[in-house]
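The values are calculated or read from the model by the stated rules, or taken from the named source; none is laboratory data. Everything numeric in this text was worked out from a predicted model, so none of it was measured. For neighbour counting, all protein chains shown are included, and Cβ atoms are generated from backbone atoms with ideal geometry for every residue, glycine included. Quick note on the areas: whole protein, heavy atoms, side chains included, nothing else; ligands and nucleic acids left out. Shrake-Rupley method; radii C 1.70, N 1.55, O 1.52, S 1.80 Å.
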Amino acid sequence: MNILLVGSGGREHALAWKIAASPLVTRLVTAPGNPGMAALAELRDVSVTDVEGLVALAKEIAADLVVIGPESSVAAGLADALELAKIPCFGPSAGAGQLESSKAFTKAFADRYGLPTAAYRVCETADEARAALELFSAPYVIKADGLAAGKGVTVAHDRGEAEAAIDDAFGGRFGAAGARVVVEEFLEGEIGSLFALCDGETSMLFGWAQDHKRAFDGEQGPNTGGMGTYSPAPVFTPELVEQVRTRLVEPAFAGIAADGSPYRGVLFVELMATKTGPKLVEFNVRFGDPECQVLMLRLESDLVPYLEACAKGTLKDMPPPVWREEPAVCVVLAAKGYPGTPASGGEILGLDQDLGDGVVVFHAGTKQGPDGVLRAAGGRVLNVCARGRDLQTARDRAYAGIDRIDFADGFCRRDIGWRALALS
Ligand code: AMP
Ligand code: GLY
C-alpha cells in the first residue's frame with residue numbers, strides 16, 4: 001500500500017513509526033513530516049491545511065490511504081476533498097470535526113443526544129461571560145470556543161482570575177478561537193483519555209491513557225497540549241471503560257451520523273471520572289498528542305488494517321486490537337517558555353547515541369538546518385518514550401534517556417505517571 005500521512009508532530013512521528021513497521025506498506029510519504037520521520041518516510045513540504053496540495057500529492061503517489069493526524073486538517077475539510085477525489089481517508093469530515101473545532105457545538109450536541117457533561121453557558125461577549133460566572137461557583141472553568149492547541153482553557157480559582165481569563169479571550173489572545181467563550185461547571189474527579197475508531201457505522205474502542213495537562217510538576221502552572229502520558233492508567237477500570245462506551249462513545253457516533261456526518265476515523269474522548277460516572281470534558285477528532293505515542297508503543301497489532309477499515313467501512317470484520325501488557329510512558333521535552341512563547345532554535349545534541357533499553361524518541365517540534373544541527377522549532381520539542389515491565393521501570397528508562405539528551409533550552413516534568421505510581 002501507498003500511504004500519505006498528514007502532520008508534523010510527535011503524534012505523527014509515532015504513527016509513522018507504527019505504520020512503517022507494517023508489512024502491508026510499500027511507500028510512506030508524510031506532509032510535511034519532521035526531521036525525526038525522515039528515516040521512516042519520504043517528507044514532502046505541503047502544509048497540513050493546504051487541502052488542494054494534499055489531494056494533489058495523494059494522487060501523485062497513488063495513495064491507497066490518507067491518514068490525517070491533526071485537527072487543523074480535519075477542520076480545513078481534507079477528508080471531504082479526498083472523498084470527492086475517491087481516495088480512502090482515515091479522518092472525519094469537517095462537519096463531524098465540529099466536535100472538536102467548536103466547544104459550543106459539542107455542548108449543544110451533548111445536550112441533544114443526552115451525553116453527560118458539565119453544565120455550561122455559551123457567551124458572545126465579555127459582559128455575558130462575567131454574568132455567567134454568577135451561575136457557577138469557584139473554581140470557574142473558562143474555555144475559548146475554537147481550536148487553541150490545548151491552551152484555551154483556564155481553571156480559575158477565584159473571580160478575579162476568571163474575569164482576567166474572560167478578558168484575555170475576548171481581547172484576542174486566542175484569535176478567532178476566543179471570539180466566543182464557554183463558561184462551565186467545574187467537574188471533580190480524575191481525567192482520562194479514551195480512543196474509539198469508527199467507520200461510519202461500526203465502532204471499536206482503541207485504547208486509553210492518562211495525560212498531564214499542566215506545565216509543571218505537581219499539576220502546577222498553565223494548561224498545555226500535554227506534558228506526558230502513560231498507559232495503561234488505573235483510572236480506566238473495566239467498569240469505567242464500559243460506561244464511557246455506552247454513555248459517550250456510542251451515542252456520539254450515533255448522534256453525529258444522525259446529524260448527517262457519519263464519523264470515519266478516531267474519536268478522542270477526554271472525560272472526567274466523577275462520583276456519578278464519566279462526564280465528557282471534550283471530544284477531539286484525532287489521536288491525542290502525546291497519548292498516541294504511548295498507544296503506539298503498546299499496540300501489538302498492525303495499525304494499518306484498522307486505519308484502512310475505518311476508511312473503507314469494514315471495521316466490523318476486524319478483531320479488537322491486541323495491546324502489550326508492558327506499560328508505556330511518554331515524557332515531553334518542551335522549550336523553555338512553553339506554553340507561552342517558547343525559546344526557539346535551541347540546539348539538541350545526543351540523539352544519535354543509544355538512549356537505553358526500550359527508549360524511543362519521537363520528534364514533536366524540531367528542524368534541521370543546512371549545518372546539520374538539530375534545533376527546537378516549537379513548544380513541545382521531543383517525546384521521550386519507553387516501555388518497561390512495570391510503570392516504574394518504563395518511567396525510569398524514559399528519564400534516563402532524557403538525561404542523556406543535551407537540550408539546554410528545554411524542560412520537562414519529572415513526575416509523569418505519579419497518580420498510578422502512588423497506587424502501586
Ligand atoms: P481541555 O482543553 O478541554 O482538554 O481542558 C484542559 C484541562 O482543563 C483538562 O484536561 C482538565 O484538566 C481541565 N478541565 C477542562 N474542563 C474542566 C471542567 N469542566 N472541570 C474541571 N476541569 C476541567
Ligand atoms: N494531549 C491532549 C490532546 O491531544 O489534546
Counting only residues in segment 249-296 that are assigned to a strand (DSSP E or B) and of a type in the set (G, A, S), the one farthest from I68 (Cα to Cα) is identified as G277
Scanning segment 313-330 for residues that are of a type outside the set (A, V, I, L, M, F, W, C) and closer than 30 Å to A398 by Cβ gives P320, P321, R324, E325, E326, P327
Listed by first then second residue, the pairs whose first member lies in segment 217-243 and is free of Cβ contacts under 8 Å to residues at least 12 places away in the same chain, whose partner is within 14 Å of ligand 2 (Cβ to nearest atom), with beta carbons under 8 Å and at least 6 positions apart or on separate chains, are E219/H212; Q220/R214; G221/R214; G221/A215
Pairs returned, first residue in segment 402-419 that is farther than 14 Å from N383 by Cβ, second residue that is among the charged types (D, E, K, R) and surrounded by 18 or more Cβ atoms within 10 Å (Cβ to Cβ), beta-carbon separation under 8 angstrom, 6 or more apart or interchain, are G417/R395
Taking segment 114-136 and keeping residues open to solvent by 20 Å² or more (accessible area, probe 1.4 Å) and out of contact with any Asp or Glu (no Cβ under 9 Å at 6 or more places or on another chain) leaves G114, P116, E124, T125, D127, E128, A131, E134
Within segment 211-225, of all residues that are modelled with pLDDT of 95 or more and surrounded by 17 or more Cβ atoms within 10 Å (Cβ to Cβ), the one farthest from ligand 2 (Cβ to nearest atom) is A215
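Tell me, which residue of segment 137-163 that is assigned to a loop (DSSP other than H, G, I, E, B) and open to solvent by 50 Å² or more (accessible area, probe 1.4 Å) is nearest to ligand 2 (Cβ to nearest atom)? Even if it seems obvious, please write down each step before you answer.
We begin by selecting, within segment 137-163, every residue assigned to a loop (DSSP other than H, G, I, E, B); these are 137-139, 145-152, 157-158.
Filter once more, so that each one left must be open to solvent by 50 Å² or more (accessible area, probe 1.4 Å): 137-138, 147, 149, 151, 157-158.
On the way: S137: 27, A138: 25, L147: 10, A149: 8, K151: 10, H157: 22, D158: 26 Å.
It comes out as A149.
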In segment 226-235, anything near ligand 1 (Cβ under 9 Å from one of its atoms) and either under 14 Å from R419 (Cβ atoms) or surrounded by fewer than 20 Cβ atoms within 10 Å (Cβ to Cβ) (or both) is listed as none
Selection from segment 264-288 of residues of a type in the set (D, E, K, R), away from ligand 2 (no atom under 16 Å from the Cβ) and more than 19 Å from A254 (Cβ to Cβ) yields K275
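Can you tell me how many residues in segment 389-398 are buried (at least 19 other Cβ atoms within 10 Å of the Cβ) and not aliphatic (A, V, I, L, M)? Break it down stepwise before answering.
So in segment 389-398, the residues buried (at least 19 other Cβ atoms within 10 Å of the Cβ) come out as 391, 394-395, 397-398.
If we keep only those that are not aliphatic (A, V, I, L, M) as well, we get 395, 397.
Of the residues in segment 389-398, 2 are buried (at least 19 other Cβ atoms within 10 Å of the Cβ) and not aliphatic (A, V, I, L, M).
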Checked pairs for segment 273-288, first at negative phi, second more than 10 Å from ligand 2 (Cβ to nearest atom) and among the basic types (K, R), C-beta under 8 Å and 6 or more apart or across chains, list as P278/R247; E282/K103
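Does L333 satisfy the criteria of being touching a residue at least 40 places away in the same chain (Cβ under 8 Å), within 16 Å of ligand 1 (Cβ to nearest atom), open to solvent by less than 30 Å² (accessible area, probe 1.4 Å) and in a strand (DSSP E or B)?
Numbers: touching a residue at least 40 places away in the same chain (Cβ under 8 Å): yes; within 16 Å of ligand 1 (Cβ to nearest atom): no; open to solvent by less than 30 Å² (accessible area, probe 1.4 Å): yes; in a strand (DSSP E or B): yes.
Judged against the criteria, L333 is not a match.
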Exercise. Within segment 241-253, is there a residue that is surrounded by 24 or more Cβ atoms within 10 Å (Cβ to Cβ), within 14 Å of ligand 1 (Cβ to nearest atom) and under 21 Å from L197 (Cβ atoms)?
Worked result: no
Within segment 190-203, residues open to solvent by less than 30 Å² (accessible area, probe 1.4 Å), away from ligand 1 (no atom under 16 Å from the Cβ) and touching a helix residue (DSSP H, G or I) at 6+ places or on another chain (Cβ under 6 Å) come out as A196, L197, C198, D199
